[in-house]
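These notes are about the structure you will find just below.
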Amino acid sequence: MADDFLPIEPLSREAFAPFGDVIDPDPASMRLINGGTTRRFDALARVEAYGEDAEVVISIFRGEPRRFPYLVTMMERHPLGSQSFSPLSGRPFLVVVSEDRDGIPAVPRVFLASGGQGVNYRSNVWHHPLMTLGAVSDFLVVDRLGPGNNLEEYFFDTPYLIGEPTP
Ligand SMILES: NC(=O)N[C@@H](O)C(=O)O
Ligand code: NI
């Protein structure tokens, strides 16, 4: 039943603000550089990497497309650093996040990111692992590498359902 599905919201800077940043060419952040030949959309997000010997690394995630309806059985978070995903394949993807309620994730919110939007999860923000849509897709990922446990997972007693997104 469609009313059992979580609503899917368009990704916007304002709606996503409680969870992190949207990485897209925001006109408000633009400044001309390189003698006016390049537009720099500046400081769209800040990278966090906490703890001794923590490093910031850049990786590529090649995600298999998710099948729908999709059961959200778990969420995760990274207490020691942020994590960003920027699509390299130009395809939309799903971003699933939750507010924290006394250490456990609240009802997930589902955002549909366009192929031109990336996201940066602030450290310790509950999110679902990468949710690729339609075809195998590459994402540029900037996150923390280092000692210590940077992964906390929570498994729901009752999973949530996501229906087929209609990009
Ligand atoms: N495991 C891993 O690096 N990926 C997850 O953190 C994710 O959010 O996809
Ligand atoms: Ni993650």
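The values are calculated or read from the model by the stated rules, or taken from the named source; none is laboratory data. This is a predicted model, so every value here is computed, not measured. In this analysis, Cβ positions are derived from the backbone assuming ideal geometry, glycine residues included, and neighbour counts consider all displayed protein chains. Each accessible area value is taken on the protein alone, full model and side chains, heavy atoms only, with ligands, DNA and RNA left out. Shrake-Rupley method; radii C 1.70, N 1.55, O 1.52, S 1.80 Å.
Key figures for this structure:
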| item | result |
| --- | --- |
| Lone qualifier among 28, 113, 49, 43 - being within 16 Å of ligand 2 (Cβ to nearest atom) and more than 14 Å from the chain's Cα centre (by Cα) | 49 |
| Candidate set from region 117-134 (those that are crowded, with 20+ Cβ neighbours inside 10 Å and within 11 Å of ligand 1 (Cβ to nearest atom)); member that is nearest to residue 10 (Cα to Cα) | 119 |
| Entirely in region 47-115, the strands (runs of 3 or more DSSP E) that have 2 or more residues that are within 12 Å of ligand 1 (Cβ to nearest atom) and within 30 Å of residue 157 (Cα to Cα) | 55-63, 70-77, 83-87, 93-98 |
| Verdict on residue 80 being over 23 Å from residue 98 (Cβ atoms) and either open to solvent by 40 Å² or more (accessible area, probe 1.4 Å) or modelled with pLDDT of 95 or more (or both) | no |
| Residues (out of contact with any Phe, Trp or Tyr (no Cβ under 7 Å at 6 or more places or on another chain), surrounded by 13 or more Cβ atoms within 10 Å (Cβ to Cβ) and either more than 19 Å from residue 121 (Cα to Cα) or in contact (Cβ under 8 Å) with a residue 40 or more places away in the chain (or both)) located in region 19-50 | 21, 23, 24, 39, 44, 45, 47, 48, 49, 50 |
| Tally of residues being under 16 Å from the mean Cα position of the chain (by Cα) and not in a strand (DSSP E or B) across region 127-149 | 4 |
| Options 93, 85, 61: the member that is aromatic (Phe, Trp, Tyr), farther than 19 Å from residue 161 by Cβ, surrounded by 16 or more Cβ atoms within 10 Å (Cβ to Cβ) and touching a residue at least 24 places away in the same chain (Cβ under 8 Å) | 85 |
| Scope region 135-167; condition polar (S, T, N, Q), under 23 Å from residue 105 (Cα atoms) and either open to solvent by less than 70 Å² (accessible area, probe 1.4 Å) or away from ligand 1 (no atom under 13 Å from the Cβ) (or both); matching residues | 150, 158 |
